[in-house]
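Read-outs: derived from the displayed coordinates by stated rules, not from any lab. Values in this document were obtained by computation on a predicted structure and should not be read as measured data. In this analysis, Cβ positions are derived from the backbone assuming ideal geometry, glycine residues included, and neighbour counts consider all displayed protein chains.
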């Protein structure tokens, strides 16, 4: 009998990349891996390019914090997505569903619970997002990146960390692979999968000063690029090989999505975080950045204070204290969570199979 697992989650790359990171381990235990996402979301593009997972789409709906009038359609669209998810579950009969969070995973997890499929979800941020708060009601286990999240979340929550795929290349080989030929330290600038206009504009406005000190490797996000001729600057819209990018870089200027935080720090990159401000988001990036800054692993600059003098001062501090910061990272609890997550998935799908077998045996006895 074919053993199938459903993966879900999306809306941003951060809700998808963890599922991609698990692919080598998942293939060892599941004959079929089906990713259920939205019709046109970034998860569809990423899964199609990076994996041989089978991709299926359902209707999804996102809470619009800026235009609440749009939210009137949420119950109807969510109901449609749940019905579509039920059909997929009945067709493929997954033994377990793993959700990385985000609004994309919600109809799948609700449908899974209704049909008796065990749910495991993962929360990356320090505070739980709305979709995972709802999913938690249906889940057997909620995996978390942060111990504090697990402690506050109750019995269902277990701190696993996140899967980390670190490049085995040397720094020089990683730079060569990316076409970087320089003696300057390499500064990675990234605003996440969708880009960050404020950070992009900051780089464009201050490129002369930045490139005096660094070779700038700038990931702009889709449709945010500009034509720039500069020997110490390379620009791409999106990377499908972030592990090589991380390996090649010495410093970073970045948003503070949890996955990016963990990846940057696991690679011992000296980082200045510019978290997405509250109002534009629920404030999760501010919490993430503050946590890591309090642990003396990075520097955080509020977006409203993003000036070239502040950024250069932050990099001065990081460079001066590089040894102690890297030692703090080494002694921190940032570690690969692949094994713990896989253990939870396998244990819960096995428990569910045993429970089903008992129920089937009881029915036969009654007959």
Report summary line: For the chain, averaging the sequence separation of alpha carbon pairs under 8 Å that lie six or more residues apart and dividing by its residue count, the contact order in percent is 14 percent
Requested in this report: Using only the alpha-carbon atoms of region 1-124, report the extent along each of the three principal axes, biggest first, to the nearest angstrom.
Outcome: 46, 28, 23
Query raised in the report: With r defined as the distance between the Cβ atoms of residue 32 and residue 114 and R0 fixed at 22 Å, what FRET efficiency is calculated, to the nearest 0.05?
Result: 0.55
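Pop out the Kirkwood hydrodynamic radius of region 171-331 from its pairwise C-alpha distances, inverse of mean 1/r, in Å to one decimal.
Roughly 15.6 Å, rounded to one decimal.
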Report summary line: Most packed first (mean Cβ within 10 Å per residue), the peptides 256-262, 81-87, 147-153 order as 256-262, 81-87, 147-153
Query raised in the report: For the Cα atoms of the chain, what angle does the longest principal axis make with the long axis of helix 322-331, in degrees from 0 to 90, nearest 10?
Result: 10 degrees
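Want the number for residue 74 to residue 182: 0.36 nm per residue separation, take away the alpha-carbon distance, what's left?
Details: separation 108, 0.36 × 108 = 38.88 nm, distance 5.10 nm.
Between residue 74 and residue 182, full extension yields 33.8 nm more.
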**Report entry** Length added when fully stretched, residue 213-residue 3, from 0.36 nm per residue minus Cα-Cα
**Finding:** 70.3 nm
Requested in this report: Could you please rank 281, 127, 309, 38, placing first whichever residue has the fewest other Cβ atoms within 10 Å of its Cβ?
Outcome: 309, 281, 127, 38
Query raised in the report: Fewest first, what order do 30, 76, 215 take by the number of other Cβ atoms within 10 Å?
Result: 76, 30, 215
Query raised in the report: If you look at just the Cα atoms of region 205-296, how large are its Rg and its Dmax in Å?
Result: 14.0, 39
Report summary line: For the chain, the longest principal axis of the Cα atoms and the Cα long axis of helix 284-294 enclose an angle in degrees, to the nearest 10, of 60 degrees
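Please tell me the relative contact order of region 171-331 in percent, rounded to the nearest whole number, where contacts are Cα pairs under 8 Å and at least six residues apart.
Computed value for region 171-331: 20 percent relative contact order.
Calculate, in nm to one decimal, what residue 63 and residue 201 gain on full extension: separation in residues at 0.36 nm each, minus their alpha carbon distance. Intermediate values should be presented prior to the final figure.
Numbers: separation 138, 0.36 × 138 = 49.68 nm, distance 2.78 nm.
Net length gain for the segment: 46.9 nm.
For 15, 218, what's the fewest-to-most ordering of other Cβ within 10 Å of each Cβ?
Sorted ascending by nearby Cβ count, the order is 218, 15.
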Query raised in the report: When N counts the residues of region 101-169, how does its alpha-carbon radius of gyration compare numerically with 2.2 N^0.38 Å, as a ratio?
Result: 1.17
Requested in this report: Can you tell me the 0 to 90 degree angle between the C-alpha axis of helix 74-92 and the longest principal axis of the chain, rounded to 10?
Outcome: 70 degrees
**Report entry** Inter-part distance where region 230-298 and region 121-195 are each reduced to a Cα centre, Å
**Finding:** 10 Å
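So what is the calculated 222 nm ellipticity per residue for the chain, using -39500 (n - 2.57) for each DSSP H run with n of 4 or more, over all residues, to the nearest 500 deg cm²/dmol? Could the numbers behind the result be given before it?
On the way: 16 runs with 164 residues, N = 367.
It comes out at -13000 deg cm²/dmol, rounded to the nearest 500.
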